[in-house]
1. Name the residues in the stretch 3-51 that are open to solvent by 30 Å² or more (accessible area, probe 1.4 Å) and closer than 12 Å to Leu89 by Cβ, would you?
2. Consider the stretch 379-395. How many of its residues are part of a helix (DSSP H, G or I) and open to solvent by 10 Å² or more (accessible area, probe 1.4 Å)?
3. Does the stretch 118-162 hold any residues that are closer than 21 Å to Lys184 by Cβ, part of a loop (DSSP other than H, G, I, E, B) and touching a residue at least 60 places away in the same chain (Cβ under 8 Å), and which are they?
4. Could you check the stretch 162-200 and list, in sequence order, the residues that are aromatic (Phe, Trp, Tyr), under 24 Å from Ile261 (Cβ atoms) and open to solvent by 20 Å² or more (accessible area, probe 1.4 Å)?
5. Considering Asp287, Asp327, Asp300, Asp336, which residue is surrounded by fewer than 22 Cβ atoms within 10 Å (Cβ to Cβ) and part of a helix (DSSP H, G or I)?
6. Hey, Asp170 hits all of (1) among the charged types (D, E, K, R); (2) at pLDDT 95 or above; (3) assigned to a loop (DSSP other than H, G, I, E, B) but one; which does it fall short on?
7. Can you find, within the stretch 510-528, the residue that is nearest to the chain's Cα centre (by Cα) among those that are more than 23 Å from Ala341 (Cα to Cα) and of a type outside the set (Gly, Ala, Ser)?
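The values are calculated or read from the model by the stated rules, or taken from the named source; none is laboratory data. Quick caveat: nothing in here was measured; it's all calculated off a predicted structure. No Cβ is skipped: glycine too gets one built from the backbone with ideal geometry, and neighbour counts run over all protein chains shown. Only protein heavy atoms, including side chains, enter the accessible area calculation; ligands, DNA and RNA are left aside. Shrake-Rupley method; radii C 1.70, N 1.55, O 1.52, S 1.80 Å.
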Amino acid sequence: MASAWWQQGVIYQIYPRSFMDSNSDGVGDLQGIIERLDYLNDGTEQSLGIDAIWISPFYPSPMADFGYDVADYCNVDPMFGDLATFDTLVTEAHKRNIKIIVDFVPNHSSSQHDWFKTSRSSKDNSKRDWYIWKDAKADGSLPNNWQSVFGGPAWTLDETTGQYYFHQFDPAQPDLNWRNPDVKDAMLDVLRFWLERGVDGFRMDVVYMIWKHPDMPDHYSDARDVIDNSDLDEQHPAFDYPGIQDIFAEMRQILDEYDAIGIAEVWLSDEKRNAYFEHFEMPFNFDFLTYETRFKWDADFFRDAVEAYETSLPEGAFANYVLGSHDVPRLASRYDSQDRARQAAMLLLTLRGTPTLYNGDEIGMVNGDIAEDQLRDPQGINMGVEHTRDVCRTPMQWDDSDYAGFSTTETWLPVNEDYRVRNVALQDEDTTSILNLYRRLIWYRKHHPSLSIGTYQAIDVPDNIYAYLRQHEDEHHLIILNFGNTTQIVTFDGAGQIVMNTHLNRQDEIVNSQVEIASNEGVLIRLD
């Protein structure tokens, strides 16, 4: 049976504010993405070779959470362009065989959305039940002790009506009430709107949160600030409540009508996350990105995590992996090493499963240096600079001109100080750069199905080494990653040729039953 495009493809996340500014206002936009499509895939191996772009929100928004507070689900914020520009983006991307995946934000709207303005105007208006409103408890305390992911209570008092509204994130992001069938119908129509414009799928923001416990009782434990939503499933079963799958079934029906895919942002344990495979191609696998794991650099950790994930997958499910995003510190900074960032690239692009890259990781971008008075992220503003996501959202570094070729004027977040020595133009000319490593890995993966749809098998190796075999029909590849601080000799059955190593300086080297691997090096071997 032929595999689907997303099983063999590579997805590239674009944070539009920070990708490319086409009109010199310091903020990235849709036209900027159009201008850089050839960088992503022009059909030749000089481009990155990605198969789909996932674009973070570009909808009209007050930008309290930079687009994840949506004021109009069926339009484009003038900051990013207009619907005509979006249509051009879809057309130009499709010319290059690039799929378009847009961010769907179903859990909450902006407090400036007309729906919420109507809802808060009175207790008896037609849209009052489109959001979640509660009276204070008899003792005057909050309706329950649920906490916001951004810190503090998840309830805000509305002076007009004297009731509290619920917001799992910022107060400017009131949660929609999906138990109201009118809300459900309106949001499903949003999917249809963008599908009619030619999009190929959706990444669905915190979709597991849309269906709250019907009684919204207190958590069984004391209220506490939540600094990372990966542990929400350990609290009272406030989310992912029975009945949510019925909504997902309706979403699936719509997606199938347009041959589109669904990617679910699900920060839940394996067992709960795997239930989402019933209706979505990719419940995002964040095993490497939770607050407890995102800084781990250990061979046993990665091997055990992959083995556990592979073992837990439901029958017929296809794996996926993520190592970076707009919500976590930069990959190269988390692992505190460009050599390790190269290894992470080889890991991500040779495991069995769909990989998703985050823009800038392909040139080894590091966390931006954001001063407290430069904070823009509400999570950082509310919880402290150590929790800001601004550090991974600084502008893309295209060249060594002023503002890194991203813009011609002061940018919405400061450009990283290292942009003159770390940028696309410079790495384009360096045949051993991390950018060219990503290109080589992606294009090689594209032409060798063992690295996308092939089987996966970990092999026994010395400590601090992670090695695995990928096989499809008569094609065999061996990947060896040395996480240790010393050079090691790794033995294996058979012989072959090194296709590439993470430093791109060992191509075509013949190996026979053993290979020497330097500290923080990875090798990809084609076996005879």
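1. Across the stretch 3-51, the qualifying residues are Ser22, Gln31, Glu35, Arg36.
2. 8
3. The one that is closer than 21 Å to Lys184 by Cβ, part of a loop (DSSP other than H, G, I, E, B) and touching a residue at least 60 places away in the same chain (Cβ under 8 Å): Ile132.
4. Residues of the stretch 162-200 that are aromatic (Phe, Trp, Tyr), as a first pass: 164-166, 169, 178, 193-194.
Those left that are additionally under 24 Å from Ile261 (Cβ atoms): 178, 193-194.
Hit for the stretch 162-200 is Phe193, nothing else.
5. Asp300
6. (2)
7. It comes out as Leu527.
Results for (1) over 21 Å from Gly26 (Cα atoms); (2) modelled with pLDDT of 95 or more, shown as yes or no for each residue.
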| residue | (1), (2) |
| --- | --- |
| Ala344 | yes, yes |
| Pro355 | yes, yes |
| Tyr358 | no, yes |
| Asp377 | no, no |
| His387 | yes, no |
| Val391 | no, no |
| Ala404 | no, yes |
| Glu410 | no, yes |
| Val415 | no, yes |
